[in-house]
Structures are given as C-alpha cells and as structure tokens.
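Participant: Dumping the structure here so I can ask a few things about it.
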Amino acid sequence: MAECKNQRKHVLLLAYQSFGMVFSDLSIPPLYVYKCTFSGRLRHYQNEDTVFGAFSLVFWTLTLFSLFKYVGFMLCANDNGEGGIFALYSVICRHAKFCLLPNQQAADEEISTYHSVGYSNRNVVSSRFKKFVEGHKKMKTALLVLVLFGAAVFITIAIFTPAISILSSVEGLQVRAKNLHHGMLVIIALFLLIGLFVLQHYGMHRVAFIFAPIVILWLLSIAFVGIYNIVKWNPRVYQALSPYYIYKFFGETGKDGWISLGGILLCITGTEVIFAGLGHFTASSIRVAFSFVVYPCLVLQYMGQAAFLSQNFSSVSTSFHSSIPDSLFWPVTVMATLAAIVASQAVVSATFSIAKQCHALGCFPRIKIVHKSKWLHRQTYVPEINWALMILCLAVTVGSQDTIHLGNAYGIACITGIFVTTCLTSMIIDFVWHKNLLVALLYFSFFGIIEIIFVSSSCMRIPKGGWVPLVLSAVFMSVMYVWHYGSRKKYLYDLHNKASMKWILTLGSDLGIVRIPGIGLVYTELASGVPAMFSQFITDLPTFYQVVVFICVKTVPIPYVSQKERYLIGRIGPKPYKMYRCIVRYGYKDVHENDDYDFENAIVMSVAEFIQLEAEGGGTLDGSVDGRLAVVRSSENFGKRFMMSESDGNKESSSWSYPASGSSSRSAALQKLKSMYELESPEFCNRRRIQLKLLDTTYKDSRVKEELLELLEAKDAGVAYVIGHSHIKAKWNATFWKRLLINVFLSFLRKNCRSPSVGLNIPHISLIEVGMNYYL
C-alpha cells in the first residue's frame, strides 16, 4: 500500500515537472491559430458556422494527434523509456538488419537493454516485407535518409518556434497601445530572442525551477479566459464539438476551407516535443498531465476564442489578446511572454539533444558537447548549434516580421515531422511488435492520409514563406548525409587496409622498434585488427610505448550503456607484445566522460582486470565473452585489487607516493615543458588525480603480477593519445558527383568542424597526431 502511494506521488511529481519541458510548446498555439487560419480568403466567410467549423477542426485535430496518436499510442513505441525520432530508428535497427552504423558486433546484442522486455521475440518468423527491406541496401539507405530528414525538420522547427512564439506574445501590446508601430514589436521580440540564446550559454539550471509554474499558470489563465468568453459571447459554441460542423465548414467554404487547414494544423505544433521529451519523465506522468490539465485547458481556450470570434469577427487578427477581459489583460500578456520563452527554451534544448544523437550515430560533423554536473540531469549544450539557431531565428523574424508568414513556414515543418514519425511507427508495428502487416497499413492509412491532406494544404503556402523550412531542412539533411557518407567510406577504407596480424607477429615482441616507458592509447574506428595508422607510425618513427592499447569508441543503437557493460577488453598477439584492445561502448544519449584522468584510470583498471581474468580462465560474472574480448567490469572483484590514492592539483591526499620510475623516462626539458603547461592551463589547477597501487595479493602465476606491475609503472610514466589526422580525397577516376561530394562538400565540413581530439576530450599536452591520406 505504501509502495503504491509512493509510486503515485512520484508520477504526480513527474507530471508537475513535465509542464515546463514537455507541454510548454503545445500551450502557445492559441496565440496565433485562428489568426493564421483566417489569414487567407477564409476571412470573407464571416459567419458563425464557419467559426464553429474552424473550432471543430481544431478540436478534432488536437484530439486525434495529440491525445490519441502521441499521448495514447506513441508513448508506447519508446526505446527503453526514451522517445524521439532516433529512438524509433534505433528500435527498428536492433530488431531488423537495417543498421548502417560501423563496428557493430555480436557482443553488443548481449547488453542488458539491447532487447527490450515485451518488444520482440527473436524466434518469431520475420514478415516478407521485413525480409525484402533487409535484403536491399538501397532500402536501408532510404530509411536512414528519412530519419535524417526528420531530424533536419526538427532542427528547422527549433528556428521557427522561438520566432513565432515570442513575436505572437508581444503582438498583444498593439491591442492597448494603438500607436505602437509594428517594427517596434519586432525589435522587442529580437531582444527577447537574443536573451534566450545567450542564457543557453550559461545553462538554464538557475531558473529551470520556475518553468513548470509558469506553464501551469499560463494554462489555467487561458482556460479561465476561454470559460469567460464562452459564457459572455456564445454559450452555444459547445455544439461545434460535433464533427458535423466540419462537414458544414467544407460544404460552405470548399477550396478556401481546404487551404485554411495550413492554419488549423498549428494547434498541434509541439506534439513532437511530447514524444521527444519522454526520456526525462514517464509515459504515465505525461498522460496524467496532458489528460487532466493540458488538454482540457487548450480545448476551453480554443472554444472560448471561437465564441468570441463568432460575435467579433473583425478582431480576428488579434483574437486572443482582444478576447482577454480588461482587468486581466496585462497579467495574461506577461504570462504569454514568459510561457513563450519557456516553450522556446524547451525546443532549443531538445534540438541540442537531437544534434548530439546525430553526432553519436556518425551523421553530424564533430561538435563540442558541453555537459556540467551542476546543470539539469542529462542537459547538454552545443555552442555551434546555439549560435547558428540564434542567427537563423533572428533572420526569419526580421525577414517575415509577421506571425502569418512564420505560421506558414512553421506549419509545413511540423506536419512534415509528424508524417516521418508515422512512417517509422508503422515499421515498428510490423518489424518490432510483429503485428500483421495489415495492422501497420491501417495505422499508416488512418493517420498518414490525414497528414497528407494537411501537407497538401500547406503546400499552397509554400510561396508565402513555406519554402523556407523546406530549404533549411534540405540543407541540414544534406550536411548530415554527406558527413555520414564520408565517415562510412573512411571506415570501409580503414577496414580494407588494416595491418596484417601476420606482419605484426613477424616483428617480434618488441615490434622491431624501441619500446619506451608509458602507455600509448591508439584511437581507431576498427573494432578488430590493427589500423594502418599504427603500422605507418612505427615504420616512420621506430619508437613506441611499452604498453599499447587500441581504443575504439563506438555508439551502439541503444540510449544508454551502463558502466558495467561499457568496456570490452581483449589482447592482441601474445602476452610479451603488451598490446591490448579496448572497445568503449556508448549509447546514443550517453554523455562522454570529460575527465581524461578518470578515463585513463578506467582503461588501466579494465586492462588489469582482463589480465587477471585471463589468468583465472577467462570467466566473468555473466560469462559475457566475445571471442578474445571480455566485459571485465561485470567481475565481482573489479577494482578490488588496487589501492587508489587521490590528489587535488599538486596536493596529495594520501600518505604514500608513487614510485618515480616514470620521471626518469622523460628528459628534464620535457618535464619542465609539461610543468609549465599545467601551471598555465586553468583546468589543471584543481584537477582530480587518481593513482593506483597494486595490493599485496598472492598470484598463482608470478608472471601475472609482473604484467600488472609493468602496466601500472607504464601508467605512472605517462599516457599518450595517438589519433589519425586524416586528409580525404576522392580517387582520380571517381565520378564527377563523387569528387564534388568528397573534395568540396565533405572537405568543407571537415575543415570547419571541431578536431577529433575535442570530441574525445584528449588533453593537448598528451596528443600525438599521425597524418593519413585517404583516397575514397
């Protein structure tokens, strides 16, 4: 009983918090839906039936899409509790052979969250359609392009949401200040937009606690205004809840009514955020908040506005603000502006997450992803995306200077994104849930046909601003696909040209070079074999570190990978070679470690655990072994064979000091250079440093202890990060289009994005870059 009560409290708490992050965007459209709906020739139909018909369309559109499709159905199509377009794609890829990600291994399928409970039965016979798609590479590419287009559309939505939300919220000032020039409203909106994006840079954690109260007060305010207008102007408006008024609406307005659907669909802008924000909350909390607060408040507001317009059609351009009672005008207007800012913040924050997921899946140029522990849980910030959104948002605001033109663009972007989601969900019904193909077709036919009708109406608005989101989405999608194409071709080149193990073995345990104290972490995209970069390095410069660890940082198509399952460790060659492989697995929503010392210690401890497990017979807690690779952190004894000493900056926090074997391995000049670098770099001042010491444990094989001591001594001597500095060109005999794609577009993106060391959080002082030429 107590557990049930606590669970209810938890659901209610999450429902309360969801207002600020999930429903803020959906609560803003009452500001401009009717204005955009009656912006065309529909304004000539100034009668009650037309207004009631418009409200009936708004009500049933909101009910079918927001309530039934997203809140009722889409929340079930989650990926281990995560929502969004990449969650749908990842679920499909895990249960069908559609994934185009490199480095996929059988061991990835053994991750505990890879196969969701109740999602799929691997023994179920695949449908013919699934087998057909799996057997055609072009179909896989088409699916990826569809997903990238959906992600590009979401980024475009993040450009128009702040613009239309904030501009429409301040337009109400003209209701009271008749002499206020419209240009002044645009300037006010521009200042608010600049403030919004500048605040992103500092993190919204300081003010995030007021987001939910603002949206709740806003929803209650517009619900009260709606009830007031129903009672005062036209109590009969409730009759428009009947779909019969939709029939009357189209019967009277004909083509003009069909064109007006581009304005009607604005009432569901923000529904994508409901699904995308699922990871922060639970499906039950979102359903409670929407069903009992958001949906009733929005229906009352739209109904109240319709009642007001049925008697005051001349005020359609300012219908929301004109319908507010005089005594509540300024409080509601202030609340509208605050709610618009919160809605914009929610969409921008979701866009950072989308860009991060694209980057994780190898479909976005290298960007800097910032996450601080003092920020909100899982909140990320991407500087490049933030400033690009700000510039584009300001540009569309200045370029349109009107809510109607922004609405034309916003509507077509939103309905396109919703249609992409419908396509992917239909595939999940067939491929993942193993329902009859007819069920998937019925789902697609019902929602898809309605969405196509809305899209066809929106296409009539392309000349009036609707072309802008299409162009922007095409540009964003092209950037993503070009980057994915280049990354995949580069990976296949590495795979084809990796060094032969036979050649490595013929070199002997010293690899035919001088082995110096220290650990060399060689980054490669290959999950097996030795990269050509390493063979080129030891050929050109016949010296390398005493211990070599090949690091492969990869993304698996699941949201998160637990720390226990993150590291796969194996050995390359015989033991005297001291060469290891470490595959670091992240989910597409995981935040990478920012502390290189933590990462170094995690690698060293994982390799040490592998050495001991190997000596004990290779067993792990779960028996989770992939050939010569083992999930070492699942061992019960992981980390228990070492003593850890933590120091802060230059100040030791432990009584013992580590042997200075590494100090002698470096020249005095290098030691001085490193000391100067650390003193001049602010990030080194309060840096947390952890040293490891092997406990006095008895080993059956003395060689195991020797290997562990050598590993720790090598770590103390220093850790170097070796990555490839790639120069990519198309082959001389490549087609014109391939040369254009690689030599021009891909080259431009690579020159203007972050370096690999930034994304991998590699300290400059420890970085070694190896030049590599790629001819694709």
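The values are calculated or read from the model by the stated rules, or taken from the named source; none is laboratory data. Keep in mind that this is a model prediction, so the values were computed, not measured. Don't worry about glycine lacking a Cβ; one is built from the backbone with ideal geometry, like all the others, and counts go over all protein chains shown. Side chains included, ligands, DNA and RNA excluded: accessible areas come from the protein's heavy atoms. Shrake-Rupley method; radii C 1.70, N 1.55, O 1.52, S 1.80 Å.
Participant: Since Ile324 meets every condition but one in (1) in a helix (DSSP H, G or I); (2) open to solvent by less than 30 Å² (accessible area, probe 1.4 Å), which condition does it not meet?
Facilitator: With respect to (1) in a helix (DSSP H, G or I); (2) open to solvent by less than 30 Å² (accessible area, probe 1.4 Å), Ile324 is out only on (1).
Participant: Does Val398 satisfy the condition of being among the hydrophobic types (A, V, I, L, M, F, W, C), open to solvent by 40 Å² or more (accessible area, probe 1.4 Å) and free of Cβ contacts under 8 Å to residues at least 24 places away in the same chain?
Facilitator: Against the criterion (among the hydrophobic types (A, V, I, L, M, F, W, C), open to solvent by 40 Å² or more (accessible area, probe 1.4 Å) and free of Cβ contacts under 8 Å to residues at least 24 places away in the same chain), Val398 does not qualify.
Participant: Enumerate the pairs (first residue in the stretch 196-215 and closer than 18 Å to Phe23 by Cβ and of a type in the set (Phe, Trp, Tyr); second residue anywhere and open to solvent by less than 60 Å² (accessible area, probe 1.4 Å) and modelled with pLDDT of 75 or more) with beta-carbon separation below 9 Å, excluding pairs fewer than 6 apart on the same chain, so at least 6 apart or on different chains.
Facilitator: Sorted first by the residue in the stretch 196-215, then by its partner, the pairs are Phe209/Gly20; Phe211/Phe19; Phe211/Gly20; Phe211/Ser24; Phe211/Val342; Phe211/Gln345; Phe211/Ala346.
Participant: Then there's this: For the stretch 333-362, which positions are hydrophobic (A, V, I, L, M, F, W, C) and surrounded by fewer than 21 Cβ atoms within 10 Å (Cβ to Cβ)?
Facilitator: Val334, Met335, Leu338
Residue-by-condition table, conditions (1) open to solvent by 10 Å² or more (accessible area, probe 1.4 Å); (2) among the hydroxyl-bearing types (Ser, Thr, Tyr); (3) farther than 24 Å from Met335 by Cβ:
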position: Val133; (1), (2), (3): no, no, yes
position: Val147; (1), (2), (3): no, no, yes
position: Ser165; (1), (2), (3): no, yes, no
position: Gly172; (1), (2), (3): no, no, no
position: Val175; (1), (2), (3): yes, no, no
position: His182; (1), (2), (3): yes, no, no
position: Ile188; (1), (2), (3): yes, no, no
position: Val198; (1), (2), (3): yes, no, no
position: His201; (1), (2), (3): yes, no, yes
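Participant: A follow-up question, please. With among the small types (Gly, Ala, Ser), within 21 Å of Asn773 (Cβ to Cβ) and open to solvent by less than 50 Å² (accessible area, probe 1.4 Å) as the only criterion, which of Gly529, Gly518 stands out? Lay out the reasoning, then the answer.
Facilitator: On the way: Gly518 fails: within 21 Å of Asn773 (Cβ to Cβ).
Testing whether each residue is among the small types (Gly, Ala, Ser), within 21 Å of Asn773 (Cβ to Cβ) and open to solvent by less than 50 Å² (accessible area, probe 1.4 Å) leaves just Gly529.
Participant: While we're here: Of these, Leu328, Leu361, which one is touching a strand residue (DSSP E or B) at 6+ places or on another chain (Cβ under 9 Å), modelled with pLDDT under 95 and at negative phi?
Facilitator: Details: Leu328 fails: touching a strand residue (DSSP E or B) at 6+ places or on another chain (Cβ under 9 Å).
Criteria check complete, one pass: Leu361.
Participant: OK, next. Identify all residues within the stretch 273-312 that are closer than 26 Å to Leu75 by Cα, open to solvent by 30 Å² or more (accessible area, probe 1.4 Å) and touching a residue at least 12 places away in the same chain (Cβ under 8 Å); write none if there are none.
Facilitator: First, pick out the residues of the stretch 273-312 that are closer than 26 Å to Leu75 by Cα: 273-302.
Checking the rest, the ones that are also open to solvent by 30 Å² or more (accessible area, probe 1.4 Å) come to 280, 282, 284, 287-288, 291-293, 295-296, 300.
Correct list: His280, Thr282, Ser284, Arg287, Val288, Ser291, Val293, Tyr295, Pro296, Leu300.
Participant: In addition: Filter the stretch 135-145 down to the residues that are exposed (fewer than 14 other Cβ atoms within 10 Å of the Cβ) and among the basic types (Lys, Arg), then identify the one that is modelled with the lowest pLDDT.
Facilitator: Lys137
Participant: Looking at (1) open to solvent by less than 50 Å² (accessible area, probe 1.4 Å); (2) in contact with a Ser or Thr (Cβ under 8 Å, 6 or more places away or on another chain), which one does Val553 not meet, given that it meets all the others?
Facilitator: If we test Val553 against (1) open to solvent by less than 50 Å² (accessible area, probe 1.4 Å); (2) in contact with a Ser or Thr (Cβ under 8 Å, 6 or more places away or on another chain), just (2) comes out false.
Participant: Checking Ala734 against (1) hydrophobic (A, V, I, L, M, F, W, C); (2) within 17 Å of Arg488 (Cβ to Cβ); (3) touching an Asp or Glu at 6+ places or on another chain (Cβ under 8 Å), which single condition isn't satisfied?
Facilitator: It is condition (3) that Ala734 fails.
Participant: Now, a different point. Give all pairs with beta carbons closer than 9 Å in which a residue from the stretch 701-728 that is more than 17 Å from Gln546 (Cα to Cα) and modelled with pLDDT under 85 meets a residue that is of a type in the set (A, V, I, L, M, F, W, C) and surrounded by fewer than 18 Cβ atoms within 10 Å (Cβ to Cβ); count only pairs at least 6 apart in sequence or on separate chains.
Facilitator: The qualifying pairs are Asp701/Ala615.
Participant: Could you check the stretch 484-526 and list, in sequence order, the residues that are assigned to a helix (DSSP H, G or I), of a type outside the set (A, V, I, L, M) and touching a residue at least 24 places away in the same chain (Cβ under 8 Å)? I'd like the intermediate steps shown before the answer.
Facilitator: Within the stretch 484-526, the subset assigned to a helix (DSSP H, G or I) is 484-496, 501-506.
Subsequent filtering for residues that are of a type outside the set (A, V, I, L, M) retains 484-491, 493-494, 496, 502-503, 506.
If the condition is that a residue be assigned to a helix (DSSP H, G or I), of a type outside the set (A, V, I, L, M) and touching a residue at least 24 places away in the same chain (Cβ under 8 Å), then His484, Tyr485, Gly486, Ser487, Arg488, Lys489, Lys490, Tyr491, Tyr493, Asp494, Trp503 are the ones that fit.
Participant: If only one of Ala152, Ala212 is open to solvent by less than 50 Å² (accessible area, probe 1.4 Å), out of contact with any Cys (no Cβ under 8 Å at 6 or more places or on another chain) and within 30 Å of Cys363 (Cα to Cα), which one is it? Outline the logic, then answer.
Facilitator: Numbers: Ala212 fails: within 30 Å of Cys363 (Cα to Cα).
From the options Ala152, Ala212, the qualifying one is Ala152.
Participant: Something else now. Quick one: which residue in Tyr481, Tyr443 is open to solvent by 50 Å² or more (accessible area, probe 1.4 Å) and either on the phi < 0 side of the Ramachandran plot or not small (Gly, Ala, Ser) (or both)?
Facilitator: Details: Tyr443 fails: open to solvent by 50 Å² or more (accessible area, probe 1.4 Å).
Selected residue: Tyr481, the only one of Tyr481, Tyr443 that is open to solvent by 50 Å² or more (accessible area, probe 1.4 Å) and either on the phi < 0 side of the Ramachandran plot or not small (Gly, Ala, Ser) (or both).
Participant: Let me ask something else about it. Is it the case that Val420 is of a type outside the set (Ser, Thr, Tyr), surrounded by fewer than 20 Cβ atoms within 10 Å (Cβ to Cβ) and either in a helix (DSSP H, G or I) or over 24 Å from the mean Cα position of the chain (by Cα) (or both)?
Facilitator: So Val420 fails the test.
Participant: Against the condition hydroxyl-bearing (Ser, Thr, Tyr), in a helix (DSSP H, G or I) and free of Cβ contacts under 8 Å to residues at least 60 places away in the same chain, how does Ser535 come out, does it pass?
Facilitator: yes
Participant: Then there is this: Among residues belonging to the stretch 246-270 that are of a type in the set (Ser, Thr, Tyr) and buried (at least 24 other Cβ atoms within 10 Å of the Cβ), point out the one that is farthest from Phe55 (Cα to Cα).
Facilitator: Per the criteria, the residue is Thr269.
Participant: Of all residues in the stretch 726-776, count the ones that are loosely packed, with under 15 Cβ neighbours inside 10 Å, among the aromatic types (Phe, Trp, Tyr) and closer than 19 Å to Cys363 by Cβ.
Facilitator: Of the residues in the stretch 726-776, 1 are loosely packed, with under 15 Cβ neighbours inside 10 Å, among the aromatic types (Phe, Trp, Tyr) and closer than 19 Å to Cys363 by Cβ.
Participant: So which residues in the stretch 75-88 are more than 10 Å from Ile558 (Cα to Cα) and within 18 Å of the chain's Cα centre (by Cα)? First the steps, then the outcome.
Facilitator: Of all residues in the stretch 75-88, those more than 10 Å from Ile558 (Cα to Cα) come to 75-78, 81, 83-85, 88.
If the condition is that a residue be more than 10 Å from Ile558 (Cα to Cα) and within 18 Å of the chain's Cα centre (by Cα), then Leu75, Ala77, Asn78, Gly81, Gly83, Gly84, Ile85, Leu88 are the ones that fit.
Participant: Could you list, in sequence order, the residues of the stretch 68-97 that are open to solvent by less than 10 Å² (accessible area, probe 1.4 Å) and among the polar types (S, T, N, Q)?
Facilitator: Hit for the stretch 68-97 is Ser90, nothing else.
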